[in-house]
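Quick note: the coordinates plus some simple rules give every number you see, no bench work behind them. Bear in mind the structure is a predicted one, so any value in this text is a computation, not a measurement. Cβ: placed from backbone, ideal geometry, glycine included. Neighbour counts: every protein chain shown.
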Amino acid sequence: MTGIRHSWTALLVALAAAVIGCQGGPPKFLGYEVGQGALYDSNIKSIYVPTFNNRAFQTVPYRGLEVDITRAIVREIGQKTPFTIVSDCNRADTELKGVLVNISKTILNRNQQNLTREEEVVITVDILWRDLRTGKNLSAPLRGSNPNGVVPLPTLPAPEPIPFDPDVPLPPGISPQESWLPIRLVATSGHVLPELGESITTGEQKAVNNLATMVVSMMEKGWTIKCR
């Protein structure tokens with residue numbers, strides 16, 4: 001019985017090797033890449049994420065929201081991607097910068113006592129993910145795609161290129177037409193229900209977590225494929 005068991009084990013191992021394959025790079029199953037290597041660029045090893053800037057008007061409980069956003073994104077990158085977060089930009093392959101543009105609360109429904117029944121928190125952030133080795137803008141979406149997952153707006157004339165940070169000169173070899181334009185992401189909390197004990201802080205955290213998920217989804221390979 002032991003010999004038969006070993007034979008079956010060897011046969012299963014051989015079949016697995018034949019199906020998955022032994023080539024370098026991401027493992028494959030039935031011809032498809034699987035694992036984190038199938039989603040993210042293997043040439044990128046590390047990311048530097050400075051604390052986001054804040055250009056939005058803030059009141060309690062939104063004060064310091066840019067710090068919460070940065071922490072959530074760093075946590076999501078560590079959990080979902082193979083990239084390493086580094087604290088020194090000189091040792092990083094890429095840099096992820098962000099600016100908190102707007103925070104808003106919308107009341108969706110009121111009860112008969114004119115108290116809030118449903119509300120929603122909306123966070124708008126400009127994101128720039130760039131390769132520190134080449135100066136390439138990695139956060140530019142594919143032509144015709146929409147990172148917020150809604151119906152695209154009608155095509156408008158392209159705006160004049162504006163550097164993401166006017167105080168930082170463009171790297172050598174980068175023309176003004178390739179300047180670092182950020183991508184704007186809009187994350188919502190979904191419906192927040194105060195009658196069930198949810199508060200505006202609850203909605204804020206939901207929106208922050210949703211934004212972190214959107215940023216990490218932006219890092220998938222589909223955002224960096226060149227058109228042929």
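Which lysines, on any chain, are close to K221 with Cα under 16 Å apart, when same-chain ones fewer than 8 places away are left out?
Partners within reach: K45, K80, K136.
To the nearest µm²/s, what D does Stokes-Einstein give for segment 58-98 at 10 °C and 1.306 mPa s, using the Kirkwood radius over alpha carbon pairs as Rh?
135
Subtracting the Cα-Cα distance from 0.36 nm times the residue separation, let me have the gained length for V67 to S46 in nm, one decimal.
Numbers: separation 21, 0.36 × 21 = 7.56 nm, distance 2.05 nm.
Going from the current span to full extension adds 5.5 nm.
Can you give the FRET efficiency to the nearest 0.05 for S217 and L115, using r as the Cβ-Cβ distance and R₀ = 45 Å? Intermediate values should be presented prior to the final figure.
Details: r = 36 Å, r/R0 = 0.80.
Efficiency for this residue pair is about 0.80.
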